[in-house]
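Heads up: the structure comes next, in structure tokens.
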Amino acid sequence: MAPKDVKAHHVPMLFKKLTQQPQIFKSKLKEGDTCRIVVPRTIVDKASWQPTNSDLVYTINKRFETNPVTFELRYEDEIVPGRFYGHNLTRFQVSEDTAYRVEKVLKTKMVNGKKKYLVRFFGTKDTYWINESDFE
């Protein structure tokens with residue numbers, strides 16, 4: 001409504017609208033949930049095959065009731081500096097069937113006629129020996 005259109009009977013409604021508390025939106029994420037950070041993409045990236053989420057799996061350490069809600073994240077028992085908005089996080093369920101991208105194959109060896117690879121996955125510091133049949 002334009003200022004020139006305000007009449008005396010509009011004043012209570014406008015006063016209420018100006019003095020009301022800001023609405024705080026609920027977030028589906030809570031402390032202890034595992035999540036990934038949404039990676040911003042450029043126009044060139046939108047046509048690529050790369051995922052839109054980070055490879056690292058974080059745990060929500062603390063939730064702050066700000067407007068909008070922000071979160072403090074933890075990665076491998078270390079607090080990640082800064083706070084993150086809820087719309088920049090995606091809930092992620094870790095299970096035995098979760099597939100991770102291989103960052104690098106470090107070594108290869110034969111054990112009982114089967115080929116094994118020493119690999120490092122994106123988002124982990126550790127290395128793992130996996131069978132050739134486990135590659136997808």
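The values are calculated or read from the model by the stated rules, or taken from the named source; none is laboratory data. These numbers were taken from a predicted model, which means no experiment stands behind them. No Cβ is skipped: glycine too gets one built from the backbone with ideal geometry, and neighbour counts run over all protein chains shown.
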Tally, over segment 89-117, of residues that are modelled with pLDDT of 90 or more and surrounded by 14 or more Cβ atoms within 10 Å (Cβ to Cβ): 3
Matching strands (runs of 3 or more DSSP E) fully within segment 81-122 where at least 1 residues are under 19 Å from Thr59 (Cβ atoms): 89-91, 114-121
Leading residue by the ranking (modelled with the lowest pLDDT) among those in segment 1-28 that are closer than 18 Å to Thr66 by Cα and among the charged types (D, E, K, R): Lys26
Test set (1) within 12 Å of the chain's Cα centre (by Cα); (2) at pLDDT 85 or above - Val39 fails condition number: (2)
Contacts under 7 angstrom Cβ, first residue in segment 1-27 being closer than 26 Å to Gly86 by Cβ, partner of a type in the set (S, T, N, Q), 6 or more apart: Pro22/Asn67; Ile24/Asn67
